[in-house]
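Remarks on the structure that follows.
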Amino acid sequence: MDSAAAPVQAPDRLIALTDGVVAIALTLLVLDLTTIEARGSSARELWDVLSNESGRFVAFFIAFWVIAQFWLLHHRVFRRISRHEDTLALRNFWFLFGISLLPFTTALLGRTTDNPLAVTMFSGNLLLISLTLAWLIWTAEQAGLAEPVSEERRLLNRARRITTATLFVAIGGLTWVIPPSTAELLFLLMYLADVPGQLLVRRRRRQVPGWPHDS
């Protein structure tokens, strides 16, 4: 048996696998729309059919946009990683597990627009993805697999993770007291997830002169 140290494993295959799963998830999202039975001999009748299925189009848009956000975050993480270990790969599989579930929870969200349980399940799915991505990042940093970031970037990343997790938990609860069709639109607030972190950074700069920050 060769006693030499095992060669460093580049994360290329891990990234390629993740990209493939995300692509399949996005494809499955749109495939659910193809099951809509488009019928009608006039433009008005066809419009009525599509209007009745508006919940499925809204759910598709939200899920597509959310997956894109998580893919971007995953991509940013792996910019800092030049090698990986089996433990990191296993954490990544948990992230992919959450992504793989999204077509199912999205279909529930779109087909049962007035059911709060559907919104809660979708929110729980997003919370799972968010937490597993945070777990993945933590594993990479603890194992020394990720390049270090500035204190400012670390604060921004931590604030974003807390904000998104809090948002998903809040939506999962709010959908039981407000119309589910309204609650699901709140997922778009994920776009503002960086705002709390930016406010914290500005406050830190005022409180601590010379506090290190990104150039």
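Since every read-out is calculated from the coordinates, none of them should be taken as a lab result. Owing to the predicted nature of the structure, the values given are computational and were not obtained by experimental measurement. Don't worry about glycine lacking a Cβ; one is built from the backbone with ideal geometry, like all the others, and counts go over all protein chains shown.
Rounded to the nearest 10 degrees, the angle from helix 116-142 to the longest Cα principal axis of the chain is 10 degrees.
A simple spin-label model places pseudo-atoms 7 Å from Cα toward Cβ; at ALA165 and PHE57 they are separated by 3.7 nm. Compute the acute angle (0 to 90°) between the alpha-carbon long axis of helix 54-79 and the principal axis of greatest extent of the alpha-carbon atoms of the chain; round to the nearest 10°. So the inclination is approximately 10 degrees. Here the Gaussian network model covers the chain, with springs between Cα atoms less than 10 Å apart; of ARG80, ARG202, ARG160, ARG202 fluctuates the most.
In terms of its C-alpha gyration tensor, the stretch 88-215 comes out oblate, because a/c is 1.5 or above while a/b does not outweigh b/c.
Between LEU136, LEU73, LEU192, the residue with the greatest mean-square fluctuation in the GNM of the chain (Cα pairs under 10 Å linked by springs) is LEU192. Summing charges over all other residues whose Cβ lies under 14 Å from the Cβ of THR35, with Lys and Arg as +1 and Asp and Glu as -1, gives 0.
The mean sequence distance of close C-alpha pairs (under 8 Å, at least 6 residues apart), as a share of the length of the stretch 12-207, puts its relative contact order at 23 percent.
Could you please rank ARG91, ARG153, placing first whichever residue has the fewest other Cβ atoms within 10 Å of its Cβ? Please report the intermediate quantities before stating the final value.
Numbers: ARG91 19, ARG153 15.
In increasing order of surrounding Cβ atoms, one gets ARG153, ARG91.
If you compute percent of Cα pairs over 29 Å apart for the structure shown, which of (1) 20; (2) 35; (3) 38 do you land on? Computed from the coordinates, percent of Cα pairs over 29 Å apart corresponds to (3).
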